[in-house]
1. Could you say which residue among Tyr377, Tyr368, Tyr421 is under 22 Å from the mean Cα position of the chain (by Cα) and of a type outside the set (S, T, N, Q)?
2. Picking from Ile114, Ile171, which residue would you name as being within 24 Å of the chain's Cα centre (by Cα) and either more than 19 Å from Met41 (Cα to Cα) or outside the structural domain of Thr265 (by TED's automatic domain parsing) (or both)?
3. Examine segment 75-88 for a residue that is crowded, with 16+ Cβ neighbours inside 10 Å and modelled with pLDDT under 85, and state whether such a residue exists.
4. List, please: which pairs have Cβ atoms under 6 Å, are six or more places apart or on different chains, and start with a residue in segment 347-376 that is under 22 Å from Leu272 (Cβ atoms) and end with one that is surrounded by fewer than 18 Cβ atoms within 10 Å (Cβ to Cβ) and modelled with pLDDT under 80?
5. Within segment 119-127, does at least one residue satisfy the condition of being surrounded by 17 or more Cβ atoms within 10 Å (Cβ to Cβ), farther than 23 Å from Pro39 by Cα and of a type in the set (D, E, K, R)?
6. Could you please let me know if Ala133 is buried (at least 21 other Cβ atoms within 10 Å of the Cβ) and either touching a strand residue (DSSP E or B) at 6+ places or on another chain (Cβ under 8 Å) or of a type in the set (A, V, I, L, M, F, W, C) (or both)?
7. For the structure I just gave you, tell me whether Gly403 is surrounded by fewer than 20 Cβ atoms within 10 Å (Cβ to Cβ) and either touching a residue at least 24 places away in the same chain (Cβ under 8 Å) or not in a loop (DSSP other than H, G, I, E, B) (or both).
8. State yes or no: is Lys347 over 21 Å from Ala254 (Cα atoms) and among the basic types (Lys, Arg)?
Amino acid sequence: MSSLRKLAFSGAFWGFAGYGASQTLRLISNLILTRLLVPEMFGLMSLVNTFLIGLNLFSDLGIGPNIIHSPRGNDPVFLNTAWTLQVIRGVILWLGSLLIAVPISTLYNETQLIWLIPIVGLTAIIDGFNSTAIFTLNRDINIKKLTFFEISIQIVGLIVMLIWARLSPSIWALVAGNLVTSLLRVVKSHFLINNYSNKFTWNLEIIKEIFAFSRWIFLSTAATFIGMQADQIILAKLLSFEALGIYVIALTFALIPQQIIAKITSGVIFPLISKVADLPRAELRQKILSKRWLLLSTVGLIIIVLTCFGDILILKLYDQRYNQAAWMLPILALGVWPNLLYETSVKCLVAIGEPQYMAYSQVAKSLYVCIALPLGYHWFGLPGFVIMVAVNDLELYAVVCWGLWREKLTFFKQDILYSLYLISLIAIILFIRKSLGYGHPLELMFSE
């Protein structure tokens, strides 16, 4: 078990370090790009990515989780069959981007989408050829190597994006950055592990195994698209690409804690628990609780900072065109807390071979957003919409709590305790801020 603890510590360290470096690079490039490009371009690119993410999620075979979870995850025949399915899926995804381009362009009355969606969609074909070495390193919790791999690729993509935007300030700068990043990733992925290669293989027994595990992953990720991307689809239709661009700036910061936890749970917690999933539930639960509190405490501090001072961050970093993002960020950041509780729980259920609860929870969320977001906007305008987005992870958490209870892995007491700590600290900090004459984070919302 000491080796597993070392793996967990190393994985968590490099996960945090990698994410921190990635977000720093992203922030620097974002600050430069927002001065070179207008908000509409970010909104338009965000919409393109939203629909391409949708194609990805509606066809997710769970290749990565299959390789990490399966006892045959190191078998070359298994890996090559999985890679073959991944390549086929990439081609199908690009064909799907061709099919949706015209209808989406018509829906949003934006002719650029006819060309943007298929061109950006080429990344699906490119990504399909990524080596399964990426998943093998994840399975072995070699997060350090993966971190350097991803950061080096990101740096090149951002450089291309910034140079293009400086020479020709158009949305094609963002498109070029995406394509270069995908091309570099697929080439470098095949050199990650010595004497490791993929080739086309077709094994029906393995395909059946992959699909048997993936049926719940497929349902979950399809519902995830609606739950996580519906806000941008709806907002672009209700308002404008400019409003969407401003909202995306706020959302980018608000999702930092969620992305940190997702990276740690997928890269460390999931493979670790998969290795010890046969332990008695009481013992397994205790091991998870003893580590989970540190994640909640650490990432919870980021939520506190973003909730209490997010408005100041936006106003200091961006020009007046993005002022509305100042009041959106604190609301969205606080709304991430239920997702942290969810993310640190649901991967435990998947690791013990019970992925159906993740699917159920995402279906519940997708139903919520389709009903609540339009109603929130109808009743209270943009503030109502943002608030409804902020509370859209409560149903995720509720369903997973039910699953944890059924599987005798409940963390409910720990969740209540840390939620009370979080709310208390936020209340104290906001009181001090107000007392010192710095107002509160939502002032700009009421001044609009």
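1. On the way: Tyr377 fails: under 22 Å from the mean Cα position of the chain (by Cα); Tyr421 fails: under 22 Å from the mean Cα position of the chain (by Cα).
Result of the check over Tyr377, Tyr368, Tyr421: Tyr368.
2. On the way: Ile114 fails: within 24 Å of the chain's Cα centre (by Cα).
Exactly one of Ile114, Ile171 is within 24 Å of the chain's Cα centre (by Cα) and either more than 19 Å from Met41 (Cα to Cα) or outside the structural domain of Thr265 (by TED's automatic domain parsing) (or both), namely Ile171.
3. no
4. Matching pairs, first to second residue: Ala351/Ala277; Ile352/Ala277.
5. yes
6. Details: buried (at least 21 other Cβ atoms within 10 Å of the Cβ): yes; either touching a strand residue (DSSP E or B) at 6+ places or on another chain (Cβ under 8 Å) or of a type in the set (A, V, I, L, M, F, W, C) (or both): yes.
Yes: the conditions hold for Ala133.
7. Details: surrounded by fewer than 20 Cβ atoms within 10 Å (Cβ to Cβ): no; either touching a residue at least 24 places away in the same chain (Cβ under 8 Å) or not in a loop (DSSP other than H, G, I, E, B) (or both): yes.
Criteria not met by Gly403.
8. Details: over 21 Å from Ala254 (Cα atoms): yes; among the basic types (Lys, Arg): yes.
Yes, satisfied.
The values are calculated or read from the model by the stated rules, or taken from the named source; none is laboratory data. This is a predicted model, so every value here is computed, not measured. Backbone-built Cβ (ideal geometry, glycine too); neighbour counts: all protein chains shown.
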